[in-house]
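Chemist: What follows is a structure written as structure tokens; I'll ask about it next.
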Amino acid sequence: MAPVPSLPIKVGHIDDVQELRKAKPATVPERFIRDMADRPKVVPNLSSSLDIPIIDLSKLMKTDKDEVMQLKTACEEWGFFQVLNHGIDLNVVEDIEKVAEDFFMLPLQEKQKYPMAPGTVQGYGQAFVFSENQKLDWCNMFALGVEPPCIRNPKLWPSKPVNFREALEIYSREVRKLCKTLLKYIAVSLGLKGDVFEEMFGVAVQAVRMNYYPPCSRPDLVLGLSPHSDGSALTVLQQGKDSSVGLQILKGQTWVPVKPIPNALVINIGDTLEVLTNGKYKSVEHRAVTHKERDRLSIVTFYAPSYEIELGPMAELVDEKNPCRYRSYNHGEYSKHYVTNKLQGKRTLDFAKIQSKTSN
Ligand SMILES: O=C(O)CCC(=O)C(=O)O
Ligand SMILES: [Fe+2]
């Protein structure tokens with residue numbers, strides 16, 4: 001979450017979706033209704049045979065060869081996996097969920113004490129809205145920069161619920177450890193030294209976004225969150241315990257639902273890792289859909305290198321068969337590019353792609 005320009009941005013009136021839900025208008029307001037091609041197909045109870053891979057971290061930490069292979073396949077073929085035995089205490093996971101839920105359930109007036117200014121990405125509101133005619137997501141967001149301390153905006157850290165700050169600090173510390181561990185084994189799975197990312201990243205940037213999706217009377221017309229890939233190196237996503245299925249990832253031409261598994265965390269490869277691995281491990285487009293009766297909560301941590309570093313494909317992953325597919329750039333610049341553009345699939349990564357006939 002890099003700083004964003006101070007140009008005035010006109011986004012028009014943005015309805016708060018929780019308030020809309022309470023008011024129960026006869027129709028969904030036009031700004032939320034997607035163009036035909038972008039609408040989610042609602043396929044009731046059709047359980048997809050495709051499931052994203054599951055990785056057991058306790059096995060990885062014993063450098064179990066099979067598990068490292070599974071991780072490699074998960075990163076190469078899916079860009080997404082669920083991690084079991086992630087080592088984060090259940091209380092820590094439950095506490096963050098509780099404070100996030102309590103925050104979203106506060107009266108609007110209280111939440112609006114922490115507004116996300118148009119064109120910025122921290123605070124309460126809707127991120128990635130840059131114009132009056134842009135379609136809106138059926139989602140309320142609350143996002144905060146966490147590490148390093150210089151990216152924090154203390155005015156946006158809420159005083160209610162009272163234990164919010166403490167729960168977020170503890171959770172973020174644990175997720176940071178998890179990201180470092182995962183990156184170590186991701187490096188191993190690439191045949192690289194385990195500490196290669198840790199050494200390269202400097203003081204890593206960590207931000208959290210809590211997404212709350214109220215039920216929507218017409219889930220067939222709206223999206224909870226527009227299709228996008230994450231700008232991070234790695235993302236850790238916690239799905240609320242009682243939440244409906246909502247996250248979907250694009251595999252080929254199919255949107256595959258990510259079914260919540262109790263006590264698992266969802267991990268995905270972000271754009272930064274795609275660039276560093278020269279496209280061997282790709283970020284994958286994903287989106288959220290809504291449900292007619294059930295709400296959904298997700299708590300998402302983005303983990304990325306320091307804004308200071310220059311990055312590009314790692315030399316070990318570039319050769320004659322795998323020519324360099326991305327240019328080198330400053331990570332802070334990419335972050336700024338990411339947060340100043342609307343979410344539109346993987347288009348943000350065009351920033352770094354070297355266009356060639358063979359690139360995809
Ligand atoms: O709510 C979800 O499952 C998706 C969230 C997400 O992709 C994001 O916040 O970047
Ligand atoms: Fe995402």
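The values are calculated or read from the model by the stated rules, or taken from the named source; none is laboratory data. This is a predicted model, so every value here is computed, not measured. Note that each Cβ is placed from the backbone with ideal geometry, even for glycine, and that neighbours are counted across all protein chains shown. Surface areas here come from the heavy atoms of the whole protein model, side chains and all, with no ligands, DNA or RNA. Shrake-Rupley method; radii C 1.70, N 1.55, O 1.52, S 1.80 Å.
Chemist: Under 8 Å for C-alpha pairs, at least 6 residues apart: give me the relative contact order for the chain, rounded to a whole percent.
Modeler: Relative CO of the chain lands at 21 percent.
Chemist: Given a 1.4 Å probe and the protein chains all in place, what does the accessible area of Met314 round to, in Å² to the nearest 10?
Modeler: Surface accessible to solvent at Met314 totals approximately 10 Å².
Chemist: For Ser356, what accessible area in Å² do you get when you roll a 1.4 Å probe over the heavy atoms of the protein chains, rounding to the nearest 10?
Modeler: 60
Chemist: If you don't mind, there's one more thing I want to ask. Sort Glu77, Glu94 by heavy-atom solvent-accessible area, probe 1.4 angstrom, most to least.
Modeler: These residues rank, largest area first, as Glu77, Glu94.
Chemist: Semi-axes of the equivalent ellipsoid for the range 150-221, please: Cα gyration tensor eigenvalues, times 5, square-rooted, ordered largest first, whole Å.
Modeler: Working from the Cα gyration tensor, I get semi-axes of 31, 21, 11 Å.
Chemist: Given a 1.4 Å probe, how much area per residue of the range 15-350 is accessible, in Å²?
Modeler: 44
Chemist: Dividing the Cα radius of gyration by the Kirkwood radius, what Rg/Rh value follows for the range 254-360?
Modeler: Ratio value, two decimals: 1.02.
Chemist: OK, next. Considering only protein heavy atoms, with the full assembly of protein chains and a 1.4 angstrom probe, order Met210, Met200, Met69, Met36 by accessible area, largest first.
Modeler: Met36, Met69, Met200, Met210
Chemist: Can I ask one more? To the nearest µm²/s, what D does Stokes-Einstein give for the range 15-350 at 4 °C and 1.567 mPa s, using the Kirkwood radius over alpha carbon pairs as Rh?
Modeler: 64
Chemist: Could you give the size of the charge dipole of the range 227-346 about its Cα centre, using +1 on the Cβ of each K and R and -1 on the Cβ of each D and E, expressed in debye and rounded to the nearest 20?
Modeler: 540
Chemist: What is the dipole size for the range 15-350, taken about its Cα centre, with +1 at each Lys and Arg Cβ and -1 at each Asp and Glu Cβ, in debye to the nearest 20?
Modeler: 600
Chemist: Mind scanning Lys22/Lys111; Lys59/Lys193; Lys10/Lys160; Lys10/Lys251; Lys10/Lys292; Lys155/Lys251 and naming the pairs with a C-alpha gap bigger than 28 Å?
Modeler: Lys10/Lys160; Lys10/Lys251; Lys10/Lys292; Lys155/Lys251
Chemist: For the range 267-360, with all protein chains present and a 1.4 Å probe, just round the carbon and sulfur fraction of the accessible area to a whole percent.
Modeler: Heavy-atom surface of the range 267-360 belonging to carbon and sulfur, 1.4 Å probe: 47 percent.
Chemist: Across the range 182-308, how large is the tail of the calculated P(r) beyond 24 Å, expressed as a percent of all Cα pairs?
Modeler: 33
Chemist: Still on this model: With just the Cα atoms defining each centre, how far is the range 95-167 from the range 284-338? Give it in Å.
Modeler: What the calculation gives is 22 Å, centre to centre.
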